[in-house]
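Remarks on the structure that follows.
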Amino acid sequence: MSNNETIPSDSSASLPAIEVRGLHKSFGSLSVLRDISLSVREGEVVSVIGPSGSGKSTLARCICRLEKINAGEIYLYGKRTDGSSHSNRDIARLVGMIFQQFNLFPHLSVLDNLTLSPIRILGLSREEASENAMALLKRVGLEEKRNSRPSELSGGQCQRVAIARALAMNPKIMLFDEPTSALDPELVGEVLDVIAGLVDSGMTMMIITHEMMFAKEVSDRVLFMAEGNIVEQGHPKKIFSCPELPRTQLFLQRML
Ligand code: ADP
Ligand code: MG
């Protein structure tokens with residue numbers, strides 16, 4: 001299947017939020033991403049599924065410039081990120097990334113976790129940053145935890161704080177890398193609810209996940225990766241109900 005089969009013809013009307021062309025990434029002699037091309041429209045929710053080791057995390061890390069790439073081009077809203085036209089600061093403003101391990105600052109309160117970057121990077125006053133942070137904590141249902149340390153929170157609460165912290169930078173794109181994989185099963189739902197709320201708000205998102213039901217429900221498009229390639233993609237109904245490739249079928253049989 002061609003990579004752009006499901007991209008509507010009106011996508012040229014506005015620049016894609018994310019565009020990746022011919023991306024190659026190796027670690028030493030290990031080729032991890034082999035000629036990846038993809039495009040995500042503003043407001044689109046794209047889920048990325050695939051077996052462990054297929055390169056999903058590396059793809060997300062390349063998009064937000066946490067990894068240097070070997071070949072290809074990555075554009076965010078038409079600006080090339082793999083060259084020098086975007087500074088790391090620009091990337092931090094455009095893309096919020098959420099990891100499996102929440103990566104909160106352990107020595108800071110929840111509120112300070114949310115205000116640190118807006119004050120340091122966006123130049124907000126402490127009052128402004130705190131006001132925004134409290135609104136975001138309300139949005140993820142954790143206002144009352146503002147003075148807690150991450151160690152005093154459950155995994156689900158930590159991940160909701162991490163999402164609020166990313167949103168505090170007012171990003172245009174959110175990348176999620178298995179946001180619920182480190183959580184006890186009973187805590188998965190509260191995090192997925194927060195992500196579903198973001199979907200409803202129209203946020204542009206790429207979600208790497210093993211939560212197949214969730215991906216089916218919220219995605220506009222699903223990409224299936226295997227061995228460093230996007231081997232199949234399409235509407236979630238199609239991918240989950242009648243995948244074309246045996247490779248995809250086998251993966252889904254194991255997951256569903
Ligand atoms: P996924 O997220 O789909 O499980 P990853 O992108 O994490 O896959 O990894 C893809 C491959 O790249 C794996 O073989 C992994 O071991 C390797 N890899 C990932 N990061 C590094 C790294 N920093 N150094 C060396 N190899 C890496
Ligand atoms: Mg991964």
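The values are calculated or read from the model by the stated rules, or taken from the named source; none is laboratory data. Note that the structure is predicted; figures quoted are calculated from it, not measured. Cβ: placed from backbone, ideal geometry, glycine included. Neighbour counts: every protein chain shown.
For (1) at pLDDT below 95; (2) crowded, with 19+ Cβ neighbours inside 10 Å; (3) within 21 Å of Met203 (Cα to Cα), each residue gets a yes or a no:
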| position | (1), (2), (3) |
| --- | --- |
| Leu94 | yes, yes, yes |
| Leu104 | no, yes, no |
| Leu122 | yes, no, yes |
| Glu127 | no, no, no |
| Lys138 | no, no, yes |
| Glu144 | no, no, no |
| Asn147 | no, no, no |
| Ser154 | no, no, no |
| Gln159 | no, yes, yes |
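Checking Val218 against (1) surrounded by 21 or more Cβ atoms within 10 Å (Cβ to Cβ); (2) in contact (Cβ under 8 Å) with a residue 60 or more places away in the chain; (3) β-branched (Val, Ile, Thr), which single condition isn't satisfied?
(1)
Any residue in the stretch 23-37 that is over 25 Å from Met203 (Cα atoms), at pLDDT 95 or above, out of contact with any Phe, Trp or Tyr (no Cβ under 9 Å at 6 or more places or on another chain) and more than 16 Å from ligand 1 (Cβ to nearest atom)? Explain how you work it out, then say what you get.
Of the residues in the stretch 23-37, the ones over 25 Å from Met203 (Cα atoms) are 24-35.
Those still in the list that are at pLDDT 95 or above too: 24-35.
Now restrict to residues that are out of contact with any Phe, Trp or Tyr (no Cβ under 9 Å at 6 or more places or on another chain): 24-35.
If we keep only those that are more than 16 Å from ligand 1 (Cβ to nearest atom) as well, we get none.
Within the stretch 23-37, none of the residues are over 25 Å from Met203 (Cα atoms), at pLDDT 95 or above, out of contact with any Phe, Trp or Tyr (no Cβ under 9 Å at 6 or more places or on another chain) and more than 16 Å from ligand 1 (Cβ to nearest atom).
(1) within 16 Å of ligand 2 (Cβ to nearest atom); (2) over 18 Å from Met225 (Cβ atoms); (3) crowded, with 22+ Cβ neighbours inside 10 Å; (4) not small (Gly, Ala, Ser): which one isn't true of Val48, the others all being true?
Among (1) within 16 Å of ligand 2 (Cβ to nearest atom); (2) over 18 Å from Met225 (Cβ atoms); (3) crowded, with 22+ Cβ neighbours inside 10 Å; (4) not small (Gly, Ala, Ser), the lone unmet condition for Val48 is (2).
If you scan the stretch 131-147, which residues turn out to be closer than 12 Å to Ala164 by Cα and assigned to a helix (DSSP H, G or I)?
Asn132, Ala133, Met134, Ala135, Leu136, Leu137, Lys138, Arg139, Glu143
Per-residue answers, yes or no, for (1) part of a helix (DSSP H, G or I); (2) within 22 Å of Val110 (Cβ to Cβ); (3) free of Cβ contacts under 8 Å to residues at least 12 places away in the same chain:
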| residue | (1), (2), (3) |
| --- | --- |
| Gly156 | yes, yes, no |
| Arg160 | yes, yes, no |
| Arg165 | yes, yes, no |
| Asn170 | no, yes, no |
| Glu186 | yes, yes, yes |
| Val191 | yes, yes, no |
| Val194 | yes, yes, no |
| Val199 | yes, no, no |
| Gly202 | no, no, no |
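Which of the residues spanning the stretch 174-193 are β-branched (Val, Ile, Thr) and buried (at least 22 other Cβ atoms within 10 Å of the Cβ)? Lay out the reasoning, then the answer.
Going residue by residue through the stretch 174-193, those that are β-branched (Val, Ile, Thr) are 180, 188, 191.
Of everything in the stretch 174-193, those that are β-branched (Val, Ile, Thr) and buried (at least 22 other Cβ atoms within 10 Å of the Cβ) turn out to be Thr180, Val191.
Residues of the stretch 51-68 being assigned to a loop (DSSP other than H, G, I, E, B) and within 11 Å of ligand 2 (Cβ to nearest atom), which ones?
Of everything in the stretch 51-68, those that are assigned to a loop (DSSP other than H, G, I, E, B) and within 11 Å of ligand 2 (Cβ to nearest atom) turn out to be Pro51, Ser52, Gly53, Ser54, Gly55.
Provide a single number: the residues in the stretch 221-254 that are among the hydrophobic types (A, V, I, L, M, F, W, C) and exposed (fewer than 15 other Cβ atoms within 10 Å of the Cβ).
Residues in the stretch 221-254 being among the hydrophobic types (A, V, I, L, M, F, W, C) and exposed (fewer than 15 other Cβ atoms within 10 Å of the Cβ): 3 in total.
Given the criteria crowded, with 21+ Cβ neighbours inside 10 Å and within 16 Å of ligand 1 (Cβ to nearest atom), does Leu66 qualify?
The answer is no for Leu66.
Check off (1) part of a loop (DSSP other than H, G, I, E, B); (2) of a type outside the set (S, T, N, Q); (3) closer than 24 Å to His210 by Cβ for Leu38 and give me the number that stays unchecked.
Result: Leu38 fails condition (1) only.
Could you run through the stretch 218-247 and say how many residues are assigned to a helix (DSSP H, G or I) and aliphatic (A, V, I, L, M)?
Going through the stretch 218-247 one residue at a time, the tally reaches 2.
Scan (1) in contact (Cβ under 8 Å) with a residue 24 or more places away in the chain; (2) surrounded by fewer than 22 Cβ atoms within 10 Å (Cβ to Cβ); (3) away from ligand 2 (no atom under 12 Å from the Cβ) for the single condition Val40 breaks and write down its number.
Exception for Val40: condition (2).
For Ala215, all conditions in the list (1) away from ligand 1 (no atom under 16 Å from the Cβ); (2) part of a helix (DSSP H, G or I) hold save one; what is the number of the exception?
(1)
Of the conditions (1) part of a loop (DSSP other than H, G, I, E, B); (2) more than 16 Å from ligand 1 (Cβ to nearest atom); (3) over 18 Å from Leu223 (Cβ atoms); (4) within 18 Å of the chain's Cα centre (by Cα), His107 fails just one. Which one is it?
(4)
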